[in-house]
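The values are calculated or read from the model by the stated rules, or taken from the named source; none is laboratory data. Quick caveat, the model's predicted, so the values are computed rather than measured. Every residue, glycine as well, gets a Cβ built from its backbone with ideal geometry; the counts of neighbours run over all protein chains shown. To get the accessible areas, we keep the full protein, side chains included, count just its heavy atoms, and leave off ligands, DNA and RNA. Shrake-Rupley method; radii C 1.70, N 1.55, O 1.52, S 1.80 Å.
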Amino acid sequence: MYKRILLKLSGEQLQGKYDGGFDAERAQWIGAEIKKVTDRNIEVVVMIGGGNYARGAQLAHGGVQRVTADTIGMLATLMNGLALADVFNAHNLSARVLTNVKSDQVADQFTHRRALSHLIKNRVVIVAGGIGRPYLTTDTAAVSLALELDC
């Protein structure tokens with residue numbers, strides 16, 4: 001039995017039946033599946049991708065610098081995290097978004113203590129912004145986060 005798990009969700013998983021953007025029905029289904037886990041007293045951390053809106057490496061051309069493109073990708077993950085948390089919360093799955101990108105008007109900054117505090121309160125922690133640095137994917141951030149939070 002696991003105490004805590006980390007789930008890496010790609011942005012493409014959140015676009016569901018659409019060619020891009022966010023499918024709230026798909027998010028609701030994902031939330032229902034996660035609730036089955038949290039109901040067994042297993043803490044859940046979600047690392048969210050942003051490929052349904054933007055991929056940094058694909059944007060870096062035609063004058064858009066790679067660092068700027070990767071920042072746009074990080075903001076796409078934040079958009080997904082905010083929408084996903086709203087869907088989860090609307091369907092009785094308590095969730096909070098933490099981000100490694102400075103954006104305190106919309107989400108709290110990720111800290112180890114803050115993440116653990118939410119987990120202890122039986123909230124799903126959705127981590128957006130990847131690792132908060134360009135040139136690193138959300139897959140890389142998921143591995144780092146799994147080590148940090150002992151997932």
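Scanning region 126-148 for residues that are within 14 Å of Asn80 (Cβ to Cβ), β-branched (Val, Ile, Thr) and at pLDDT below 95 yields a single hit, Thr138. Within region 97-138, the only residue that satisfies the criterion of being within 11 Å of the chain's Cα centre (by Cα) and part of a helix (DSSP H, G or I) is Thr138.
Is it the case, given these coordinates, that Ala146 is out of contact with any helix residue (DSSP H, G or I) (no Cβ under 8 Å at 6 or more places or on another chain) and either surrounded by fewer than 17 Cβ atoms within 10 Å (Cβ to Cβ) or under 26 Å from His91 (Cα atoms) (or both)? Judged against the criteria, Ala146 is a match. Annotation note: of Arg96, Arg113, Arg123, the sole residue that is in contact with a His (Cβ under 6 Å, 6 or more places away or on another chain), open to solvent by 50 Å² or more (accessible area, probe 1.4 Å) and modelled with pLDDT of 95 or more is Arg96. Scanning region 1-26 for residues that are over 15 Å from Ala76 (Cβ atoms), in contact (Cβ under 8 Å) with a residue 60 or more places away in the chain and in a helix (DSSP H, G or I) returns a single hit, Ala24.
For region 60-78, a tally of residues being among the hydrophobic types (A, V, I, L, M, F, W, C) and closer than 20 Å to Gln13 by Cβ returns 5. Consider region 27-68 and keep the residues that are free of Cβ contacts under 8 Å to residues at least 24 places away in the same chain and in contact with a Lys or Arg (Cβ under 8 Å, 6 or more places away or on another chain). The one that is surrounded by the most Cβ atoms within 10 Å (Cβ to Cβ) is Ala60. Does region 81-97 contain any residue that is out of contact with any strand residue (DSSP E or B) (no Cβ under 8 Å at 6 or more places or on another chain) and on the phi > 0 side of the Ramachandran plot? Yes.
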